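First the structure, then my questions, so here it is.
The values are calculated or read from the model by the stated rules, or taken from the named source; none is laboratory data. It should be emphasised that the depicted structure is a prediction, and the values quoted were computed from it without experimental measurement. Every residue, glycine as well, gets a Cβ built from its backbone with ideal geometry; the counts of neighbours run over all protein chains shown. Accessible surface is based on the protein model in full, side chains and every heavy atom, while ligands, DNA and RNA are left aside. Shrake-Rupley method; radii C 1.70, N 1.55, O 1.52, S 1.80 Å.
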Amino acid sequence: MGIKGSRELVQNVLQAGMCIGCGACVELCPYFRHYKGRTLQVFPCDLESGRCFAFCPKIEVDLDALSRRLRGCAYEGLDLGVYRSIRAARAGAALPKASFQGGGTVSALMAFALGSGVTDAAVLTDREGAWPLPRIVTDAQDVLACASSKFTAAPTLQALNRAVRLGHQRLGMVGTPCQVTAAAQMKGGLASQEDFRDPVALTVGLFCNWALDPRALNAFLGERVDLDRVTGMDIPPPPAEVLVVRLGEESREISLQEVRPLIPETCRLCPDLTSEWADLSVGMFEGRPGWNTLIVRTDRGGDLVRAAEEAGYLELEPMPEENTAHLAEAGRTKKERAFRTALRENAVNRENGCSVLRLPAEVVDRLT
Amino acid sequence: MTPNPLKRVLMLGNEAIARGALEGGISYATGYPGNPSSEILETLFKWSDAHDVAVEWSVNEIVALEAAAAFAFSGRRAVVTMKQNGLNVAADFLTTVSLDELPGGLLVVVCDDPGPLTSSNEQDSRHFARIAQIPLLEPSTPQEAKDMAVYGLEISQRFGLPCMLRAVSRLSHGRGPVSLGPVASKGPQPRFDRDRPKVGLPFLVTRNHARLLRLREEIRAEFEASPWNGYTGPEGVSTLVVASGLSATYGLEAIQTLDLGDRVGLLKLGTTWPLPRERILERVGRADTVCFLEEVDPFVEEGVKVVCAENGDRAGRIRFLGKNDGFVAGPDGPGVGEMNTDTALSALGRLFDPAPVQGEPLPEDLLARARDLLVPRELSFCQGCPHRASFYALKTALELDGRDGFLVGDIGCYGMAAGTTGFQQIKALHCMGSGMGNACGFSRLKEFGFDQPVVAVAGDSTFFHAGLPALANAVHHNADAVFVILDNAVTAMTGFQVNPATPAAVSHGKRELRIENAARGLGAEAVVLDPVADVNAAVEAVLQAVETGGVHVLVFRHGCATFFQKRADRSARPRVWVDAETCLGDQCGCNRFCSRILSCPAILFDPETGVARIDEQVCTGCGLCVQVCPREAILLERSEDGNP
Ligand SMILES: Cc1cc2nc3c(=O)[nH]c(=O)nc-3n(C[C@H](O)[C@H](O)[C@H](O)COP(=O)(O)OP(=O)(O)OC[C@H]3O[C@@H](n4cnc5c(N)ncnc54)[C@H](O)[C@@H]3O)c2cc1C
Ligand code: SF4
Ligand code: SF4
């Protein structure tokens, strides 16, 4: 299929309801914009091939090519992707406390990477009421300000594109699996750009089963709470089955039953629970509040974790066997669901036209 | 320049009408600009000082007609000019003032635009003469146009009701020799007689109406002997062409071209309401085939048929050929588009030779040379036109908003925004102010589940012409409505006429009204922005307005580029150029955004170098491209002393 242009992207992703609004196609050019949770093309562009298409994690994602380029091996559909180790982690004493989502592992890693010069800026996701707000930050203070999860899709990569334009060369980024996939595709650049240098020095991926549609969530919450007062959100581990909306000191619980319809369709085709293309992946530690699950996937990820631990930014503990098994099962469940849905919707390995995913046929067969 | 009286000069039809009004002794001329009528007043402006005629543009056609009537009420003569759409606006007054008894003279000149170059319909204004029961004159040459204007003022005063003169675009804008006459005196000191007859009171209407119908018959009697009606051709032929106004010249030309001079007669009618019944019967009664040539509707055709039906014994059996049976038809069908010699040729040709006549085709080399002369160019806003920035902002805002919002508009240069130059943003445009009225209804539709944002755009002149009532309506009904008033300070489309929004410096001391003050006075929120200076601020303002309820008036103020550049010192223009090193050209990341999307005539793309270029001869230095270039590759340098 190859890398096509914005016409194909608009038709197959934006108009097909497949866009997650990650922002990877935004601020590369004057055509794509993101406004209040929605990515759009304001004016038409007729280029045959473009970075918007190349970067988008919702069209022609060639998992095998990504795996070979980033991991040096074929894509096998492993439950948690390729990794070196899984640890329990939380922020160490060197990091001031903030309203972390879990153990603050992500914030600790980003703050340490900035402080130690591994990165020259980080692309994070702040909030403005119930809207996610991408930001480029350069110090620990601002990393802490961006702590905690915004359970909506976010145009974080728009800020990444902006940061590249502003001349940053060693960027750190934190993102959901789709965003990390886009960032991984950015590493390929475009064939036409000979002078391409990967400006991303560190990717920290989050675990994610789904994110909510920000426009839908704002409309939904707007009828229930004062949106300007939203200070945070939480999805406590099962069997809670609620979304907790924090309004300063107060909080409101909303049944997940009510919230699930706000999950965009496109999440159902996402095969990645644990941000498999990141250097490091971080999620919750089910059953152990205040701690995270940390997956080390690359050398540079491993180096950073070691250095951060030494500098007192990170505390590490072994991960119990049964937790890893449980996580793997969740990872497999998400993959199976995604591949089954993709097959049903003719969105995988299509011969004519654009596919959402491309991967070895035997992996699809094995997992469906 | 005052034309030397009693001389023959070459004149535009519209100049000839102006001259006729002058010779007819007018004290006052007013109107509202609109193609093809605008040059009449423009011409009178030039003569106004020398001949002591008060000339002014009014805010709209009905105000113009009402103002002119005051002169006629007081014993003076006045002329009002408008295009066909304008007559609809003026019609309310026209159909009541005809019941009056005017001591002065009132000539209503209406210029129709069939096969419209610049109109939103091609209505035939003549119907209004019949509705108002006033005399209607249709000139066929500039000479007649001048002479009929003089005559129209004279019969208006003599019969005490308005007279209508109807031109069409080819007459208004065609040139011909005109023998000038003396300029009549203006009459006695104007005075309004407080005991003059009352009209308009319902219990007097029937009496006045009856009087008007009696007058119609007196006028008809006068028209029976009128030199404006005449027969050309041999006696005793059985085929008659009945043609009115300019169509009579097409008919004559067709008869000559087809060499039918000895087989076809032509009855030319210059007074088409009330129709000269006897003159018609005299000629029609001798024919067995009658073919009608007129522009646009079968107005004379149907009138003649009524005359014949009512006088069957004298008319006899006649085969009528015209628009109703489809025999007389242009390429788009009967009653559609302009009448011209080709249509007349085709009709008369088929009458005598069933094989259709083919006009002699133009030699191919001539056509090829003509094609070479044509510059391929889209219908586009001028270089530096503020509408480009406005519609760029409006489109961006509505796309960002993402709820399938759209624009409703009306008549003005900005109507071009229905096409590519305005990013196809205007989805409905009908008449002056129509978008603003539409917006009131779209707001009310919300009760029925309608959820698309609507923005109404209108120009500065349009705002005062027809927007104020819609704005009052919106405020009164607590509507959610966004009105973007594109204030470029002049009535640009029709030739930069002044209007209430025009700065006093340009209008020579007329008082300037601020749209935002009018809006605030009516209780609407109003903000003023310059989209050319800061296009993103305009985007923000539109987004904010469509996201919040209530009535919002956004005044986008930036003077018409073409008008103000003409007056400005060229050397004061900022210089704009492209840094070829930085420009991305057609690469990913830009893909010729400036030249391809903005479609400014000053921005070119050089395929050889692969970068954009600004044509500094054409560029006005507005700086819009500087703001939208994704690479900041377009640079602007202000000259030391000037600002744009
Ligand atoms: C939409 C979403 C769904 C998730 N689903 C799961 C899940 O099913 N299971 C699980 O174990 N964990 C999930 N997580 C991850 C979890 O919520 C925590 O973010 C993670 O455990 C890290 O915790 P922390 O204390 O280290 O984070 P913190 O130190 O608080 O830092 C959080 C970081 O996340 C970034 N961030 C916040 N919201 C977003 C966003 N919407 N998009 C991109 N980046 C963002 C911020 O920039 C911040 O740097 C999800 C996160 C998100 C955003
Ligand atoms: S790159 Fe992201 S924002 Fe752009 S179309 Fe794809 S999913 Fe949507
Ligand atoms: S918008 Fe800027 S980068 Fe693009 S072609 Fe024009 S000058 Fe070059």
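Of the residues that sit in region A:257-306 and are farther than 25 Å from A:G37 by Cα and part of a helix (DSSP H, G or I), which one is farthest from the chain's Cα centre (by Cα)?
Once the filter is applied, the top-ranked residue is A:R306.
Can you work out which of the residues in region B:537-574 that are more than 27 Å from B:C619 (Cα to Cα) and among the small types (G, A, S) is most open to solvent (accessible area, probe 1.4 Å)?
B:G549
Can we say A:L95 is over 21 Å from A:A184 (Cβ atoms) and assigned to a loop (DSSP other than H, G, I, E, B)?
Working: over 21 Å from A:A184 (Cβ atoms): yes; assigned to a loop (DSSP other than H, G, I, E, B): yes.
Taking the combined requirement at face value, the residue satisfies it.
Still on this structure, I have one more. Against the condition farther than 18 Å from B:S247 by Cα and out of contact with any His (no Cβ under 6 Å at 6 or more places or on another chain), how does B:R126 come out, does it pass?
Working: farther than 18 Å from B:S247 by Cα: no; out of contact with any His (no Cβ under 6 Å at 6 or more places or on another chain): yes.
Here the answer is no, as B:R126 does not meet what is asked.
Let me ask something else. Any chance you could count how many residues in region A:12-40 are more than 16 Å from ligand 3 (Cβ to nearest atom), in contact (Cβ under 8 Å) with a residue 24 or more places away in the chain and not in a loop (DSSP other than H, G, I, E, B)?
Residues in region A:12-40 being more than 16 Å from ligand 3 (Cβ to nearest atom), in contact (Cβ under 8 Å) with a residue 24 or more places away in the chain and not in a loop (DSSP other than H, G, I, E, B): 7 in total.
What are the residues in region B:300-336 that are touching a residue at least 60 places away in the same chain (Cβ under 8 Å) and in contact with a Leu (Cβ under 9 Å, 6 or more places away or on another chain), if any?
The one that is touching a residue at least 60 places away in the same chain (Cβ under 8 Å) and in contact with a Leu (Cβ under 9 Å, 6 or more places away or on another chain): B:V304.
Let me ask another. Can you tell me how many residues in region A:113-131 are within 30 Å of A:V245 (Cβ to Cβ) and assigned to a strand (DSSP E or B)?
Matching residues across region A:113-131 total 8.
Related question: Looking at (1) open to solvent by less than 50 Å² (accessible area, probe 1.4 Å); (2) assigned to a loop (DSSP other than H, G, I, E, B), which one does A:V106 not meet, given that it meets all the others?
(2)
Which of the residues spanning region A:23-40 are within 10 Å of ligand 2 (Cβ to nearest atom) and more than 8 Å from chain B (Cβ to nearest Cβ)?
Once the filter is applied, which keeps residues that are within 10 Å of ligand 2 (Cβ to nearest atom) and more than 8 Å from chain B (Cβ to nearest Cβ), region A:23-40 yields A:G23, A:A24, A:C25, A:V26, A:F32, A:H34, A:T39.
Please find, within region A:1-22, the residue that is nearest to the chain's Cα centre (by Cα) out of those that are open to solvent by less than 20 Å² (accessible area, probe 1.4 Å) and within 14 Å of chain B (Cβ to nearest Cβ).
A:G21
Also: What about A:R51, is it near ligand 2 (Cβ under 10 Å from one of its atoms), in contact with a Gly (Cβ under 7 Å, 6 or more places away or on another chain) and not small (G, A, S)?
So A:R51 does not fit the description; no.
Let me ask another. Out of (1) under 34 Å from the mean Cα position of the chain (by Cα); (2) within 16 Å of ligand 3 (Cβ to nearest atom), the odd one out for B:T582 is which?
Just one mismatch for B:T582, condition (1).
Okay, moving on. Of all the residues that make up region B:167-205, how many are in a helix (DSSP H, G or I) and either at pLDDT 95 or above or under 32 Å from the mean Cα position of the chain (by Cα) (or both)?
Narrowing region B:167-205 to residues in a helix (DSSP H, G or I): B:169-172, B:202-205.
Within this subset, residues satisfying the condition of being either at pLDDT 95 or above or under 32 Å from the mean Cα position of the chain (by Cα) (or both) are B:169-172.
The total comes to 4.
Within region B:561-580, can you find the residues that are part of a loop (DSSP other than H, G, I, E, B) and either at pLDDT below 95 or within 16 Å of ligand 1 (Cβ to nearest atom) (or both)? Before the answer, list the steps.
As a first pass, look at region B:561-580 and keep what is part of a loop (DSSP other than H, G, I, E, B): B:568-569, B:573-574, B:579-580.
Answer for region B:561-580, where residues must be part of a loop (DSSP other than H, G, I, E, B) and either at pLDDT below 95 or within 16 Å of ligand 1 (Cβ to nearest atom) (or both): B:A568, B:D569, B:R573, B:P574.
When A:G81 is evaluated against the numbered criteria (1) more than 8 Å from ligand 1 (Cβ to nearest atom); (2) surrounded by fewer than 21 Cβ atoms within 10 Å (Cβ to Cβ); (3) modelled with pLDDT of 95 or more, which criterion, by number, is the only one it fails?
Condition (2) is where A:G81 drops out.
Which condition number does B:L604 fail, the rest of (1) under 20 Å from B:C622 (Cβ atoms); (2) open to solvent by 40 Å² or more (accessible area, probe 1.4 Å); (3) within 13 Å of chain A (Cβ to nearest Cβ) being met?
(3)
Residues of region A:50-73 being out of contact with any Asp or Glu (no Cβ under 9 Å at 6 or more places or on another chain) and within 12 Å of another protein chain (Cβ to nearest Cβ), which ones?
Hits for region A:50-73 are A:G50, A:R51, A:C52, A:F55.
Checking B:D534 against (1) without any contact (Cβ under 8 Å) to a residue 40 or more places away in the chain; (2) away from chain A (no Cβ under 14 Å); (3) open to solvent by 30 Å² or more (accessible area, probe 1.4 Å), which single condition isn't satisfied?
(1)
Write out, first by first residue and then by second, each pair whose Cβ atoms fall under 6 Å of each other, whose residues are 6+ apart or on separate chains, and whose first residue, in region A:133-152, is of a type in the set (K, R) while the second is in a strand (DSSP E or B) and near ligand 1 (Cβ under 6 Å from one of its atoms).
A:R135/A:L124; A:K150/A:T125; A:K150/A:P132
Given the conditions (1) within 24 Å of A:D198 (Cα to Cα); (2) open to solvent by less than 10 Å² (accessible area, probe 1.4 Å); (3) more than 20 Å from the chain's Cα centre (by Cα), report the number of the one that A:V42 does not fulfil.
Single failed check for A:V42: (1).
Give me the residue from region B:575-585 that is surrounded by fewer than 18 Cβ atoms within 10 Å (Cβ to Cβ) and not small (G, A, S) and, out of that set, farthest from ligand 2 (Cβ to nearest atom). Before you say what the answer is, go through the steps one by one.
Step one: of region B:575-585, the residues surrounded by fewer than 18 Cβ atoms within 10 Å (Cβ to Cβ) are B:575, B:577, B:579-582.
Of the ones still in play, those that are also not small (G, A, S) are B:575, B:577, B:579, B:581-582.
Details: B:R575: 38, B:W577: 34, B:D579: 29, B:E581: 30, B:T582: 26 Å.
Here the residue is B:R575.
To continue, here is another question. Among the residues of region B:16-61, which ones are open to solvent by 30 Å² or more (accessible area, probe 1.4 Å) and either assigned to a helix (DSSP H, G or I) or on the phi < 0 side of the Ramachandran plot (or both)? Spell out the reasoning first.
Initial filter on region B:16-61 (open to solvent by 30 Å² or more (accessible area, probe 1.4 Å)): B:35, B:39, B:42, B:45-46, B:49-52, B:54, B:56-57, B:59.
Once the filter is applied, which keeps residues that are open to solvent by 30 Å² or more (accessible area, probe 1.4 Å) and either assigned to a helix (DSSP H, G or I) or on the phi < 0 side of the Ramachandran plot (or both), region B:16-61 yields B:N35, B:E39, B:E42, B:F45, B:K46, B:D49, B:A50, B:H51, B:A54, B:E56, B:W57, B:V59.
Considering each of B:V553, B:V626 in turn, give the residue that is more than 16 Å from ligand 2 (Cβ to nearest atom), away from every other protein chain (no Cβ under 14 Å), modelled with pLDDT of 95 or more and touching a strand residue (DSSP E or B) at 6+ places or on another chain (Cβ under 8 Å). Don't jump to the end; show me each part of the working.
Details: B:V626 fails: away from every other protein chain (no Cβ under 14 Å).
From the options B:V553, B:V626, the qualifying one is B:V553.
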